[in-house]
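Trainee: Take this structure, written in structure tokens, and hold onto it; I'll ask about it next.
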Amino acid sequence: MKKFLIIIGHFVVIFAILISVGIFNRNNRSEAQGKNEIFTGELEKDPNGGIIKLKILENDTARDQGYLDELLNAFNGAFKEYGIMAVDANQSESSDLVQNGPYGFGPDVLYQANDQIMGYVDGRHLMQIPIQLVDDYNLIDENAWNAYNRDGAYYGVPVNVQEPLLYYNKSVIPDDWETTWDDDKNGVPDMLESWPALYKFSEELKNDGNSKTWGFMESYDQPYMQMGYLFSYGAYIFGDNDTDPTDVGINAGNAYLGLNVARQQASQMDERCVDNSITTSSYTSLASGEFFCTLTTPDVYTRFVEAFGGNVDNLGVTTMPKLPVSGDLTDEDGELFRATQMGGINGYAISAYTDYPNASLAFINFATNYEMINKRAEMLGIVPARKDIAEELDEVSQMVYDDLENGYIYVMPSISELNQVWKVVGTMFIDLAKDPFRIAGSSNPPKFDTLDKLKAELDKVKEDIINALTTLG
């Protein structure tokens, strides 16, 4: 009995220690900060007179391109007198706060896409951010703020807007394009305006006798880049503005036509489209002229600039070409319509496990001020969520901003159930990319060579998503 009481006593002590370091105090803290009781505006201080270190998780591109160092150095210079230092969290951009946060290994401030950040809300892993304490909050687009809104509370501060853009090498366009590739005589090459024209151009490059020239090239292992084809033809992810996971609409409307478009595109590539081979080589392959174009996000613009040796005369960027209403890329004379792309809002959030919420908010205010967002745009090529800076930048920023305001960007749902969707549709798109390389009459024939088969596949995918949500949550 005495031994049992000693064991119980040990557990009581351990439990008390855990409470003191905040492991089991997260819910209380979360409730308090929701009432602005934590964000007092008074910066935290080390009780021993030392330096507080804020761990900052940035994206890999910002680290690789040197922007994170610029940001940390600028912040640390400005806040040195307050005994606060921001440091690199030294974690991958895909690090999981749920796994690292409760044990003290996570960041204080994290920068991720809205679907990742808002996925942490359900488990109370993030602090609500009082919007009135965010400097210049009124200069950030309302559509961007909505990505971080849950039941009237905000859990992130928008930094930049993402959507896939078409990056292309101007030198690959034929010299006589004005007579051969400008049917509407509007001064823009057809392959930049129309998917059927781009499909035809890609087919010509694939079959020109030069095994190293390709048209549109894209990896299908990133469903984020592919989902726009489904949305353009009527699909949606969840009902009630993507807040109701009991309503799955991946097969809604004529979404199967979007699958047909994606399959046809893959047929003009090679089997590198099945994995990430095209993504990893796209910068140098575009610069060399091996690829005419690819689809990726604005925040990697500077990587293309580097690949082009800093000379951007031949580097072009534009929005997605128009799609055929018929969903058939060989339909050169059919009606076209403006495509919808999946997009996202990247931003900063504050971990519920931080001991320095006020210092963390001060860092976010510093990182999202005019000077630092301008620097981020300059170094990384982002499209800022701040309206004032977006209006000052190049036409690409304005194009993306216009797409956001006009509904051509389908912003990723800000609920954790999206994780299960990624897993299912990711598998589907990889299987779809393999299909043009399957041989009829062989032991591995095509699986999706008719519209009926594509429709049946999307119906199945919907059921797979529902099952995943039901069994795994």
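Trainee: For Asn90 and Asp275, what does the FRET efficiency come to when R0 = 30 Å and r is the distance between their Cβ atoms, rounded to the nearest 0.05?
Mentor: Step by step, r from the Cβ atoms, then E = 0.60.
Trainee: As I understand it, the value is the acute angle between the Cα axis of helix 67-79 and the longest principal axis of the Cα atoms of the chain; what does it come to in degrees, rounded to 10?
Mentor: 30 degrees
Trainee: Return the carbon/sulfur percentage of the accessible area of the range 87-150, one whole number, probe 1.4 Å, all protein chains in place.
Mentor: Taking all protein chains in place, the range 87-150 shows 44 percent carbon and sulfur surface.
Trainee: In the range 233-342, what percent of the accessible surface is made up of carbon and sulfur (1.4 Å probe, ligands and nucleic acids excluded)?
Mentor: 41 percent
Trainee: Using just the alpha carbons, could you tell me how many Å³ per residue the convex hull of the range 378-435 encloses?
Mentor: Here the figure is 148 Å³ per residue.
Trainee: Using +1 at the Cβ of each Lys and Arg and -1 at the Cβ of each Asp and Glu in the range 309-407, identify which of Ile382, Ile364, Val312 lies farthest towards the dipole's positive end.
Mentor: Ile364
Trainee: With charges only on Cβ, +1 for K and R and -1 for D and E, what is the dipole size of the chain about its Cα centre, in debye, rounded to 20?
Mentor: 2340 debye
Trainee: OK, next. Helix-only mean residue ellipticity at 222 nm, the chain, DSSP H runs n ≥ 4 weighted -39,500 (n - 2.57), per residue, nearest 500. What is it?
Mentor: -12500 deg cm²/dmol
Trainee: Select from the range 251-336 those GluC sites (Glu not before Pro) which occupy a DSSP coil region and have at most 14 other Cβ atoms within 10 Å, ordered by residue number.
Mentor: The qualifying sites are Glu332, Glu335.
Trainee: Right, something else. From the C-alpha coordinates alone, can you work out the Kirkwood hydrodynamic radius of the range 40-116, in Å?
Mentor: Hydrodynamic radius (Kirkwood, Cα pairs) of the range 40-116 is 13.6 Å.
Trainee: Give me the accessible area per residue for the chain, probe 1.4 Å, as a whole number in Å².
Mentor: 44 Å²
Trainee: Could you tell me which residue out of Val400, Met127, Tyr148 lies farthest along the dipole of the chain toward its positive end? Charges go on the beta carbon: Lys and Arg +1, Asp and Glu -1, centred on the Cα centre.
Mentor: Final value for the positive-end residue is Met127.
Trainee: Please return the longest stretch of the chain lacking exposed loop sites, where trypsin sites (Lys or Arg not before Pro) count only if DSSP places them in a loop and at most 11 other Cβ atoms lie within 10 Å.
Mentor: With a cap of 11 other Cβ atoms within 10 Å, the longest stretch comes to 213-473.
Trainee: Please compute the volume of the convex hull spanned by the alpha-carbon atoms of the chain and report it per residue in Å³.
Mentor: 180 Å³
Trainee: Relative to the first principal axis of the alpha-carbon coordinates of the chain, what is the inclination of helix 395-405, with its axis defined by its Cα atoms, in degrees from 0 to 90 and to the nearest 10?
Mentor: Once rounded, the angle reads 70 degrees.
Trainee: On to the next question. Accessible area of the range 412-473 with a 1.4 Å probe: how many percent of it is carbon plus sulfur?
Mentor: Answer for the range 412-473 is 55 percent, counting heavy atoms of protein chains only.
Trainee: Would you kindly state how much longer the chain becomes between Asn207 and Ala456 on full extension, computed as 0.36 nm times their sequence separation minus their alpha carbon distance, in nm to one decimal?
Mentor: 86.4 nm
Trainee: Evaluate 2.2 N^0.38 Å with N set to the residue count of the range 223-349, then give the Cα radius of gyration divided by it.
Mentor: With N residues counted in the range 223-349, Rg over 2.2 N^0.38 Å equals 1.21.
Trainee: Can you give me the P(r) profile for the range 315-473? Cα pairs, bins 10 angstrom wide beginning at 0, each as a whole percent.
Mentor: All Cα pairs considered, the percentages come to 8, 21, 29, 24, 13, 4, 0.
Trainee: In whole Å, what are the Cα extents of the range 165-245 along the three principal axes, biggest one first?
Mentor: 51, 32, 17
The values are calculated or read from the model by the stated rules, or taken from the named source; none is laboratory data. Source: prediction; values computed, not measured. Reconstructed Cβ throughout: ideal geometry from the backbone, glycine too, with neighbour counts over all protein chains shown. Keep in mind that these areas ignore ligands, DNA and RNA; they rest on the heavy atoms of the full protein, side chains included. Shrake-Rupley method; radii C 1.70, N 1.55, O 1.52, S 1.80 Å.
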